[in-house]
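Engineer: Pasting in a structure now, in structure tokens, and then I'll have a few things to ask.
Any read-out appearing in this document is the output of simple, stated calculations on the displayed coordinates, not a laboratory observation. All values reported here derive from a predicted model rather than from experimental measurement. Cβ: placed from backbone, ideal geometry, glycine included. Neighbour counts: every protein chain shown.
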Amino acid sequence: MNLFAIKAIYRFEMERWFRTLAQSVLSPVISTTLYFVVFGSAIGSRMQPIDGVSYGAYIVPGLIMLSVLTESVSNGSFGIYMPKWAGTIYELLSAPVAWWEAVVGYVGAAATKSVLLGLLILATARIFVPFQIAHPLVMGLFLILTAVTFSLMGFIIGVWADGWEKLQIVPMLIITPLTFLGGSFYSISMLPPAWRAVTLFNPVVYLISGFRWAFYGVSDVGVGVSLSMTALFLVLGLFVVWRIFQTGYRLKV
């Protein structure tokens, strides 16, 4: 294992993140804070509790997941696209670095940023909405698995993209809508049976449901199913990344 290579990639990505803290941290935290103010305090006080949980507290896990998913994809895609754009990707491909070592460096840094952001938003939410965490270890597990899985997805998008505009297409047109429709602001049990069945094809439902269970012990989908689906998404992401390096898809151009 080339620990030096992993550390070098990881450290470079983290240092780049710290140089852009205003954009990388303050912007999503302020945006999420506005959600807490509007939906948690203003509207939440007028909404009926869901599964015995106040509406303001109920949406906290969903809003955290919304930020974590978006930032994971963004960080993961930007990290690998920059070497492609600058042409330094060839130095990485010719170096004695295994594909999985490069992935650990890039995806590990992207996931670390997302986890730190999620914890920061969690602390910020406490200022506006009272809530509890019934299973903190499970919460941490879901947070890490989600960050790693969607950082892998971002890595794949970064390899696929051949222009800066394409880095924004998938997060804007796919990830964000799926998150909003995945139960961030409501329980899918409130939907009609037909739409509820359709919603179960949304992978984000399982992430948010399992994460919410860690807070309040209530979920739309069994926590075991949520954890299994999250692990499945992670394995699929690893397989796609492995195939990318095996075939040189959009790397060896």
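Engineer: Given a 10 angstrom Cα cut-off, can you work out which residue in T20, T70, T149 is the most mobile in a GNM of the chain?
Structural biologist: Evaluated over the chain, the most mobile residue of the options is T20.
Engineer: Exposed loop chymotrypsin sites (Phe, Trp or Tyr not before Pro) only (DSSP loop, at most 11 other Cβ atoms within 10 Å): please give the longest stretch of the chain free of them, not including the sites.
Structural biologist: Here the longest run is 1-163.
Engineer: Here's a follow-up. What Kirkwood hydrodynamic radius, in Å, does the stretch 26-137 give when the mean of 1/r is taken over all pairs of distinct Cα atoms and then inverted? Spell out each step's value before the answer.
Structural biologist: On the way: mean 1/r = 0.0620 Å⁻¹.
Hydrodynamic radius (Kirkwood, Cα pairs) of the stretch 26-137 is 16.1 Å.
Engineer: Can you figure out the FRET efficiency of A98 with I174, using R₀ = 25 Å and their beta-carbon distance, to the nearest 0.05? Mind dumping the intermediate values first?
Structural biologist: Details: r = 30 Å, r/R0 = 1.21.
About 0.25, to the nearest 0.05.
Engineer: When the helix-only estimate is applied to the chain (DSSP H runs of n ≥ 4, each -39,500 (n - 2.57), divided by the residue count), what is the mean residue ellipticity at 222 nm, nearest 500 deg cm²/dmol? Write out the running numbers ahead of the final one.
Structural biologist: Details: 12 runs with 174 residues, N = 253.
Dividing the helical sum by the residues of the chain leaves -22500 deg cm²/dmol.
Engineer: So how far apart, in nm, are the two label points at H135 and V240 if each is 7 Å from Cα heading toward Cβ?
Structural biologist: 2.7
Engineer: Within 10 Å of each residue's Cβ, count the other Cβ atoms and sort R46, R16, R212, R11 from fewest upward. Don't jump to the answer; show the numbers that get you there.
Structural biologist: Numbers: R46 7, R16 16, R212 31, R11 12.
Ordered from fewest to most neighbouring Cβ atoms within 10 Å, R46, R16, R212, R11 come out as R46, R11, R16, R212.
Engineer: Averaging sequence separations of C-alpha pairs under 8 Å and six or more residues apart, then dividing by the length of the stretch 153-234, give the relative contact order as a whole percent. Display every interim value, and only then the final one.
Structural biologist: Details: 53 pairs, mean separation 17.2, N = 82.
Relative contact order for the stretch 153-234 comes out at 21 percent.
Engineer: Please work out the Kirkwood hydrodynamic radius for the stretch 191-236, using every pair of different C-alpha atoms, and report it in angstroms with one decimal place.
Structural biologist: Working: mean 1/r = 0.0922 Å⁻¹.
Mean inverse Cα-Cα distance, inverted, gives 10.8 Å.
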